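Asks: Got a structure for you, questions after.
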Amino acid sequence: MNQPQGELRRELGIPGAVITGLGSILGTGVFVSIGIAAGVAGESVALAIVAAALVAICNGLSSAQLAANHPVSGGTYEYGYRWLSPTFGFIAGWTFLLAKSASAATAALGFAGYLLSLVESDVHFLLIPLALLGLVVLTVVVLLGIRRTSQVNALIVGTTLLVLVAFIVLGNALGTHRPLELGELWPQGESYASFAQAIGLMFVAYTGYGRIATLGEEVKSPRRTIPIAVIVTLAVSMLLYFLVAITVLRHVDAETFAAYSTQAAAPLEMVARLFDLPGVPLLMTLGAVTAMLGVLLNLLLGLSRVLLAMGRRRDMPPAMAHVSESSGVPSAATIAIALLIGAIVCVGSVKLAWSFSAFTVLIYYAITNACALRLTAQERLYPRIIPVLGLVSCLTLSFWVDRNVWLFGVGLLLVGLAWHYAARRLNQPASKI
């Protein structure tokens with residue numbers, strides 16, 4: 001194993017780690033994916049949110065105990081190398097880069113789209129320039145160091161939380177409510193297949209907790225901090241997701257909400273118009289803007305740390321392993337990730353990004369759980385049944401992803417493996433991996 005070319009600074013405590021996780025989760029998940037899942041599963045989307053949270057908890061606990069035992073940057077990429085094999089480690093890193101780069105570009109475009117929706121004139125041509133501007137500003141923030149990034153993150157996440165709480169409170173107090181029977185929330189007949197697909201889509205919305213693990217090298221007292229932060233993050237996000245879904249379904253049916261999610265405006269903003277209170281729709285749009293910024297910021301953090309780890313092991317150019325002495329940040333990796341996201345942004349849209357993320361993320365966390373199964377009794381923090389349930393659920397849900405997306409994902413995995421084997425052969429004299 002190569003020695004790190006630079007040390008990252010341990011500056012994140014439990015509050016900072018929780019904020020990082022929430023900043024990654026409370027974005028496209030709550031403002032976009034609930035609507036997408038509602039279009040698939042109907043009113044049972046509320047239960048799909050809870051089921052996806054249970055899957056996420058199993059995976060989150062597996063990630064937490066792995067990070068507690070091996071608190072370095074890179075997340076499952078590093079765990080795969082240590083507990084499985086270089087090939088599985090590379091697959092984890094490769095799938096993470098593929099899925100989350102597309103998600104980051106989607107968040108940047110979402111931020112620009114929601115911000116432009118505040119302007120009533122036709123300025124759609126500013127979508128890409130504004131998305132790139134947001135990307136540049138947040139890249140500069142990340143380059144300033146993890147402490148400054150955490151402060152900005154706290155401001156963004158705090159704003160998003162206040163907006164979501166306001167939506168829940170006002171949505172249940174104002175407007176005309178439609179009757180919502182508990183029986184409507186349960187999938188029936190042939191809808192179980194759609195319910196499983198919705199669980200897979202909503203699971204992606206929770207996986208922001210993985211940013212806590214990928215920042216393992218920058219967390220204080222990782223064996224204590226990481227598990228607590230993961231559990232708190234998932235508990236808070238599940239409660240918010242469920243309450244938002246119930247609030248929405250008390251005003252519109254699932255089909256209508258799914259239609260909202262395909263329109264230019266934020267779907268929650270469309271629902272907020274039914275509250276009959278001036279200013280609430282504007283508040284929801286502002287919340288969507290801050291949520292997208294939070295997702296983009298935390299993906300820049302997570303992606304750059306995975307690229308750092310891959311550079312250390314020469315799965316990517318070694319220059320990616322450089323850590324700035326002044327800021328303690330992997331500057332080369334951060335800039336490279338920003339350029340990659342910017343290139344995807346310039347396309348103008350990321351088709352099927354969410355479904356593609358579902359497939360690649362499920363593969364990523366299947367490897368996470370496989371690693372957790374290799375922990376010894378002394379290393380293990382939770383019962384062995386936790387990673388077993390996580391592994392089975394990830395592999396099962398991966399088969400419910402759209403077939404075309406599944407085939408495309410497998411194709412990109414093969415491309416990545418070809419790169420991996422070529423890189424290993426080129427670097428064999430310099431690497432003992």
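Just so you know, all these numbers are worked out from the coordinates, no wet-lab data involved. Predicted model only: the values in this text are computed from it and were never measured. Cβ coordinates were reconstructed from backbone atoms using ideal geometry, including for glycine residues, and neighbour counts include every protein chain displayed.
Asks: Please check the chain for the longest run free of GluC sites (Glu not before Pro) that are loop-located per DSSP (anything but H, G, I, E, B) and have at most 14 other Cβ atoms within 10 Å.
Replies: Free of exposed loop sites, the longest segment is 191-324.
Asks: Give me 91, 385, 49 sorted ascending by neighbouring Cβ count inside 10 Å, so fewest comes first.
Replies: Exposure proxy ranking, most exposed first: 385, 91, 49.
Asks: If I model segment 245-330 as equal point scatterers sitting on the Cα atoms and use the Debye formula, what is log10 I(q)/I(0) at q = 0.11, 0.27 Å⁻¹?
Replies: Debye intensities relative to I(0), on a log10 scale: -0.53, -1.26.
Asks: I've got another one for you. What label, among [x] 42, 27, 19; [y] 54, 34, 16; [z] 34, 24, 20, belongs to semi-axes √(5λ) of the Cα gyration tensor in Å computed from the structure on display?
Replies: The listed entry that was calculated here is [z].
Asks: Quick one: pull the percentage of alpha-carbon pairs in segment 77-128 with a separation above 13 Å.
Replies: In whole percent, the share of Cα-Cα pairs in segment 77-128 beyond 13 Å is 65.
Asks: Given +1 on the Cβ of Lys and Arg, -1 on the Cβ of Asp and Glu, and no further charges, what dipole in debye does the chain carry about its Cα centre, rounded to the nearest 20?
Replies: 1660 debye
Asks: Based on DSSP H assignment, which helices of the chain show an axial Cα extent of at least 18 Å together with a mean Kyte-Doolittle hydropathy greater than or equal to 1.0?
Replies: 45-69, 86-116, 127-143, 146-173, 191-206, 222-249, 280-312, 331-345, 353-372, 385-398
Asks: Give me the net charge for the shell around residue 151: Cβ to Cβ below 15 angstrom, other residues only, Lys and Arg +1, Asp and Glu -1.
Replies: Here the charged neighbours net out to +1.
Asks: Enumerate the residues in segment 267-291 having an amide nitrogen under 14 Å from the point lying 7 Å beyond the Cα of residue 176 toward its Cβ.
Replies: Output list for this probe position: 274-276.
Asks: For residue 169 paired with residue 256, estimate the spin-label separation in nm (one decimal), with each label point 7 Å from Cα along the Cα-to-Cβ line.
Replies: For residue 169 paired with residue 256, the spin-label model returns 2.5 nm.
Asks: Shifting gears a bit: In which sequence would 305, 10 go, from the one with the fewest C-beta neighbours within 10 Å to the one with the most?
Replies: Final ranking by Cβ density, sparse to dense: 10, 305.
Asks: Right, here's the next one. For segment 1-152, what does the alpha-carbon gyration tensor say about shape, rounded, prolate or oblate, given a ≥ b ≥ c as the root eigenvalues, a/c under 1.5 as rounded, and a/b over b/c as prolate?
Replies: Because a/c hits 1.5 or more and a/b fails to exceed b/c, segment 1-152 counts as oblate.
Asks: Let me ask something else about it. Fewest to most neighbouring Cβ within 10 Å: what's the order for 186, 406, 94?
Replies: Going from sparsest to densest Cβ surroundings: 186, 406, 94.
Asks: Over segment 14-418, calculate the relative contact order: mean separation of alpha carbon pairs under 8 Å at least 6 apart, over the residue count, as a percent.
Replies: Answer for segment 14-418 is 36 percent.
Asks: Just add up the charged neighbours of residue 419: K/R +1, D/E -1, any other residue whose Cβ is under 15 Å from the Cβ of residue 419.
Replies: Residues close to residue 419 contribute a combined charge of +3.
Asks: Under the rule a/c < 1.5 gives rounded, and otherwise a/b versus b/c splits prolate from oblate, where does segment 301-344 land using the Cα gyration tensor?
Replies: oblate
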